[in-house]
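I have placed the structure first, in the form of structure tokens, so that the comments after it can refer back to it.
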Amino acid sequence: MEYILSILLGSLALILYHVWNKMRRGHNWPPGPPTVPFLGNVNVDLSDRLKEFRKLRKLYGDVFSLVLGTQTVIVVNGLANLKEFLIKNGDKTSIRPNTTGFKDIAKGKDFQLLRSVNDLFAAGTDTTVNSLSWFTLVLLYKPEIQQRMRKEIEEVVGDSRLPSLADREKLPYCDAVIHETLRFGNIAPFALPHGLTEDMQFNGYFIPKDAVIIPNLDSVLMDPDLFKDPFEFNPLRFLTDDGCLVGTENVQTFGIGRRICLGEALARMELFLFATSLIQRFELVRSDGHKLPELTESKLGTTRSPLPFMVKAVERL
Ligand code: HEM
């Protein structure tokens, strides 16, 4: 009896040690907030991840770690770090971790195809709708931007046909507004989680293979060194005095490296055609009696969207 009891106690101690070990920061891991024994980082406010991650970056630097349950999460911040992590180390950092459900269990080709179509559809609708919602909300706050877009469209395209992709080059102001919408809307601030194929060293830290990596795109899109007054919506930041488009390469809304958004080209086309056609055909105005949400407010689910609002689209043509 005593023998069985000691085996049970021994096993329990081993399990407890294993759990305890899993829920603390290992040696030379990227720094982060102190972990609570057996609970990990319950002291982190994940209900407002944007604010919390900005705060944690200030406190712990560009690469910080969190222990959430038994999962280690590494957040990588800043354009240079993200390029180094996702491009230079792309062979190790470009898989999807198990937790996202991205890793397909081989279940036959048809299933895989169906699943891919489903993934593409899901990724494609929410994101485009969100970007257009930000576009609309911003224009309700800034009618002068809407007017300037419409003037450019009238001069280049006229009224008799809808804008086409061939017009894009001749509509730099409209293009700048769309880039600024992609930056300011910040609709996928944490991209999608990445996984590692093996343990790795990064910026002098050890990162274990089973960590989930969050590429913090918010840290790029809202970086004051890349974009002056980043919390201001200002399409002119992308235009030179003679109207040429510049500086758009830092708008990394679609991610960086091998797992960059598969729908980027499609999304850019859709946004251009929807946005310019909308402005050509309609005047977007505030709906009487309805208050607009603040531009700084947002709802963060899989993507980041503005809070619900009403808009009146007055037909022009
Ligand atoms: C404004 C619109 C969009 C934005 C901002 C956006 C952004 C992103 C981001 C940040 C990622 C993750 C990149 C990474 O993990 O490093 C991603 C992945 C992906 N996006 Fe998009 N996306 C948009 C529209 C679309 C559209 C229209 C489609 C499809 C028609 C699409 C399909 C995908 C797919 C399939 C992936 C996963 C790629 C992979 O795992 O290799 N996205 N997107």
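Scanning the stretch 62-85 for residues that are assigned to a strand (DSSP E or B) and within 17 Å of Pro31 (Cβ to Cβ) yields a total of 12.
Residue by residue, here is whether (1) within 15 Å of the ligand (Cβ to nearest atom); (2) acidic (Asp, Glu); (3) part of a strand (DSSP E or B) holds:
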site	(1), (2), (3)
Arg161	no, no, no
Asp167	no, yes, no
Tyr173	no, no, no
Ala176	no, no, no
Arg183	yes, no, no
Ala188	yes, no, no
Ile214	yes, no, yes
Ser219	yes, no, no
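Just one of the numbered conditions (1) within 24 Å of Leu295 (Cβ to Cβ); (2) within 13 Å of the ligand (Cβ to nearest atom) is not true of Phe238: (2). Scanning the stretch 107-124 for residues that are surrounded by 12 or more Cβ atoms within 10 Å (Cβ to Cβ), at pLDDT below 70 and more than 8 Å from the ligand (Cβ to nearest atom), we see that the one that is farthest from Ala188 (Cα to Cα) is Phe111. Can you spot a residue in the stretch 259-282 that is outside any helix (DSSP H, G or I) and either closer than 21 Å to Lys142 by Cβ or of a type in the set (S, T, N, Q) (or both)? Yes. When the stretch 5-31 is limited to residues that are modelled with pLDDT of 85 or more, on the phi < 0 side of the Ramachandran plot and outside any helix (DSSP H, G or I), the one that is surrounded by the most Cβ atoms within 10 Å (Cβ to Cβ) turns out to be Pro30.
Results for (1) of a type outside the set (S, T, N, Q); (2) on the phi > 0 side of the Ramachandran plot; (3) out of contact with any Ser or Thr (no Cβ under 9 Å at 6 or more places or on another chain), shown as yes or no for each residue.
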site: Ile260; (1), (2), (3): yes, no, yes
site: Gly263; (1), (2), (3): yes, no, no
site: Met269; (1), (2), (3): yes, no, yes
site: Arg281; (1), (2), (3): yes, no, yes
site: Arg286; (1), (2), (3): yes, no, yes
site: Gly289; (1), (2), (3): yes, yes, yes
site: Arg304; (1), (2), (3): yes, no, no
site: Phe309; (1), (2), (3): yes, no, no
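Of all residues in the stretch 166-216, those satisfying the criterion of being out of contact with any Pro (no Cβ under 6 Å at 6 or more places or on another chain) and among the hydroxyl-bearing types (Ser, Thr, Tyr) are Tyr173, Thr181, Thr197.
The values are calculated or read from the model by the stated rules, or taken from the named source; none is laboratory data. All values reported here derive from a predicted model rather than from experimental measurement. As a convention, Cβ positions derive from the backbone with ideal geometry for all residues, glycine included, and neighbour counts pool all protein chains shown.
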